[in-house]
Amino acid sequence: MLNLQANPRVNLTVAQDVISEVTTLLTNMSSISENSWQSTLSLAQAVSTEHRRLGLFTSEGLILPETRKVGQRTETCRVDGSIQQMQVDCEIQYIPILKTLEYILRNPLFCHEIIIKKSSDDLMRSFSDGKRHASMPIWSSKGLPIQIKLYQDDIEVANPLGANHGIYKLTQYYFSILNMPTQYHALLAHHHLVCVAMASDIKLHSHNCVTSHIVDELAELECGVLMNGVNVFGTLVALSGDNLGLNSIIGLVESFSATHYCRFCLLSKSMCQQTTSCVVANDARRTHETHAQHVEDIDVRGTGVTRGCTLDELKFFKAVDSFTPDIMHDILEGVAKLELSLVLDCLIDKKVVSLHLLNQYIDTFDYGYIDSQNHPRLLTSYSGKVAIKQSASGMWCLFRSLPVMIGESVPDSSHEWELLRLLSEITALAFRPVHSLASTKYLDFLVEEHHTLFLQIFPNKTLTPKQHNLLHYGEAIRLNGPLTQYSAMRSEAKHQLAKITSGLSCNFRNIPLTVARKYQLVSFSDWRQNRIFPNNSMERSKHDEVTSVNLNGSRFTLGSVFISEKTAYQLTSVVANEDGDPVFVGSALDAEWNPSIMAYTISEANPPIHKHITPPLSEYPFPLCIWRSTSGLRCIVPRYKITLSNTEGK
């Protein structure tokens, strides 16, 4: 027990769990018969070593990673006392997609959740409602359709500031099933590992050494595979990741200083820096036909194409046709940081606010229980300019809350604040999970207005690659449905497991195998114990009163705000119906859009209105906390654009 608690690789929580399990076992030993005791000893022998445990788990469905050779590299090694350069195999740890699909589709409850049909109205809620889905004949087949999204990213598992920076960087691939209800995309159990490799090996042999294995499996899936008595068919429908990684997979230049860096269009760098028209950008779109010719010609300076992509060998998917931008990397980690920094610099120069006052607001602002874990960090100054260092979630919180903090102090005539207001509305539309054709056209209009104003306010600046990407957002939604389903935010959250595993193992001899095994064990545990469905439960006080409700992973507490039928309600109490399901009792709120603080100001309805509402909340399934502006206005800021009753303006 002492050795367990003193082991630096075992945290105190794990040690306590082990001790509790052993204590429970010893407590129950008195009631165990001799035969049962012998069975227990036999079971203990069966799991006494890691090899035996893995064998037991594999017999129950655990899918272990397969080591596959993808080429060779030169390494300096000591042989017989002398230093020599030798050729060694480059290996990846690969988890077959079809094996993973077969295992997860054994769960009948999960199979029932897969969406087979498109929306019955003209709204776009998923890939199935976009133009690309309608143009793919594969979906007319009979059976269970599987729409696969492939995500790729590099991850640094060693100290990024240490001597081993870059040496142990990993390249990881995940896949997820796109045609599931949106609440499932937030659960990490539905992001399945495909491959772990050393980033240096991928750089040496290109991503084709991985995607060729993926193509072999998906080509089989396109023809249909019998799994658990059901014909399962599908294909890859989207690529997700950061801009540099996706350029590398597709076979485009891996530098945004190149002449043709955009993976969506063929506009030159100078055109991308000045173009404010969505029509011009989309008319220059890359197509599979032109890309195939560019691969054949290989004119890097003229087209930006460096090589072909093995994913193009699939029958129903072509890499350049994917057209799925990532709103997290483009907006939260790009455009929002850039423009918020520039606007704050202008406001500080004009004495509207100071950096000290900004940090005071950020530090003392009441973000509520929802954003308490994502609250932004304090701002810093570098060479006299505001420096913003935030995570994606922290940036999203700052971008929504900062107007509430200082918006009332900014003059209405401020062009810089108008620029930020336009970007706020663009962000609210980009994160919207449901779109109409009109909303995508309005998004195009806002982006053009925003880019034009940016170049007017900052004539010495040019549009960055991420700002240019916004010109393609409207068309991307029309082709593929809402952009939230392609965001890398939840996929990147899964990287934390690799960092924890690497830090605890303290062994980097074959870190891809160590990480891949841990991922598969965690995934097997989640699916084995059915931790794959959103949390729906009620929490009660000691007086048996409901204090909070968990709905599809979101926690609604008394006093929070929820939205139903375009009306905001403050949650006053929760009761259970005959089936034991929660019923919200809400007090209606009048909501009015305030453009200066970019939020809905709220007040009690007059006369008071109380209403019983039974979830689900389809319009806006998340709770909202009430924020207060510097003048004391009570307000709410939804994560995405939604129109509430008793509002004025857009």
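For the range 161-170, the condition of being over 23 Å from Phe323 (Cβ atoms), at pLDDT below 90 and buried (at least 18 other Cβ atoms within 10 Å of the Cβ) holds for at least one residue.
If you take the residues in the range 254-265 that are surrounded by fewer than 20 Cβ atoms within 10 Å (Cβ to Cβ) and either aliphatic (A, V, I, L, M) or touching a Leu at 6+ places or on another chain (Cβ under 7 Å) (or both), which one is nearest to His468 (Cα to Cα)? Checking each candidate, the answer is Ala258. Of the residues making up the range 548-573, those that are open to solvent by 10 Å² or more (accessible area, probe 1.4 Å), among the small types (Gly, Ala, Ser) and on the phi < 0 side of the Ramachandran plot are Ser554, Ser564, Ser573. The set of residues from the range 607-624 being open to solvent by 20 Å² or more (accessible area, probe 1.4 Å) and either under 30 Å from the mean Cα position of the chain (by Cα) or within 14 Å of Thr567 (Cβ to Cβ) (or both) comprises Pro608, Ile609, His610, Lys611, His612, Thr614, Pro615, Pro616, Ser618, Glu619, Pro621, Phe622. Taken over the range 172-183, the criterion of being over 13 Å from Pro433 (Cβ atoms) and either assigned to a helix (DSSP H, G or I) or among the small types (Gly, Ala, Ser) (or both) is satisfied by Ser176 alone.
The number of residues in the range 210-230 that are closer than 15 Å to Tyr103 by Cα and either hydroxyl-bearing (Ser, Thr, Tyr) or touching a Lys or Arg at 6+ places or on another chain (Cβ under 8 Å) (or both) comes to 1.
Scanning the range 411-427 for residues that are over 16 Å from Asp330 (Cα atoms) and either of a type in the set (S, T, N, Q) or open to solvent by 10 Å² or more (accessible area, probe 1.4 Å) (or both) gives Pro411, Asp412, Ser413, Ser414, His415, Glu416, Trp417, Glu418, Arg421.
Tell me whether the range 335-358 contains one or more residues that are outside any loop (DSSP other than H, G, I, E, B) and within 30 Å of Leu551 (Cβ to Cβ).
yes
One line per residue, one yes/no per condition, for (1) surrounded by 14 or more Cβ atoms within 10 Å (Cβ to Cβ); (2) among the aromatic types (Phe, Trp, Tyr); (3) under 22 Å from Asp201 (Cα atoms):
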residue: Gln72; (1), (2), (3): yes, no, yes
residue: Val79; (1), (2), (3): no, no, no
residue: Val88; (1), (2), (3): no, no, yes
residue: Leu105; (1), (2), (3): yes, no, no
residue: Phe110; (1), (2), (3): yes, yes, no
residue: Ser119; (1), (2), (3): yes, no, no
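Taken together, Ile63, Ile19 contain a single residue that is modelled with pLDDT under 85 and open to solvent by less than 60 Å² (accessible area, probe 1.4 Å), which is Ile19.
When Pro534 is tested against (1) open to solvent by less than 60 Å² (accessible area, probe 1.4 Å); (2) over 29 Å from Val196 (Cβ atoms); (3) in a loop (DSSP other than H, G, I, E, B), exactly one condition is not met: (2). Scanning the range 356-387 for residues that are over 24 Å from Ile636 (Cα atoms) and surrounded by 16 or more Cβ atoms within 10 Å (Cβ to Cβ) gives a single hit, Val386.
Report yes if some residue within the range 479-486 is assigned to a helix (DSSP H, G or I), open to solvent by 20 Å² or more (accessible area, probe 1.4 Å) and not polar (S, T, N, Q); otherwise report no. Checked against the condition, which is being assigned to a helix (DSSP H, G or I), open to solvent by 20 Å² or more (accessible area, probe 1.4 Å) and not polar (S, T, N, Q), the range 479-486 yields no hits at all.
With respect to the conditions (1) on the phi > 0 side of the Ramachandran plot; (2) open to solvent by less than 10 Å² (accessible area, probe 1.4 Å), Ile298 falls short on a single one, namely (2). Checking the stated criteria, Tyr640 turns out to be surrounded by fewer than 20 Cβ atoms within 10 Å (Cβ to Cβ) and aromatic (Phe, Trp, Tyr). Taking Lys131, is it surrounded by fewer than 19 Cβ atoms within 10 Å (Cβ to Cβ), in contact with a Leu (Cβ under 8 Å, 6 or more places away or on another chain) and among the charged types (D, E, K, R)? So Lys131 fits the description; yes. When the residues of the range 134-151 are filtered to those that are of a type in the set (A, V, I, L, M) and open to solvent by 10 Å² or more (accessible area, probe 1.4 Å), which remaining residue is farthest from Thr484 (Cα to Cα)? Here the residue is Leu144. When we screen Arg53, Arg68 for residues that are among the basic types (Lys, Arg), in contact with a strand residue (DSSP E or B) (Cβ under 6 Å, 6 or more places away or on another chain), surrounded by 14 or more Cβ atoms within 10 Å (Cβ to Cβ) and closer than 19 Å to Val515 by Cβ, the only hit is Arg68.
The values are calculated or read from the model by the stated rules, or taken from the named source; none is laboratory data. Given the structure is predicted, the values throughout are model-derived calculations rather than measurements. Here Cβ is always computed from backbone atoms with ideal geometry, including for glycine, and neighbour counts include all displayed protein chains. Surface accessibility is based on the protein's heavy atoms, side chains included, excluding ligands, DNA and RNA. Shrake-Rupley method; radii C 1.70, N 1.55, O 1.52, S 1.80 Å.
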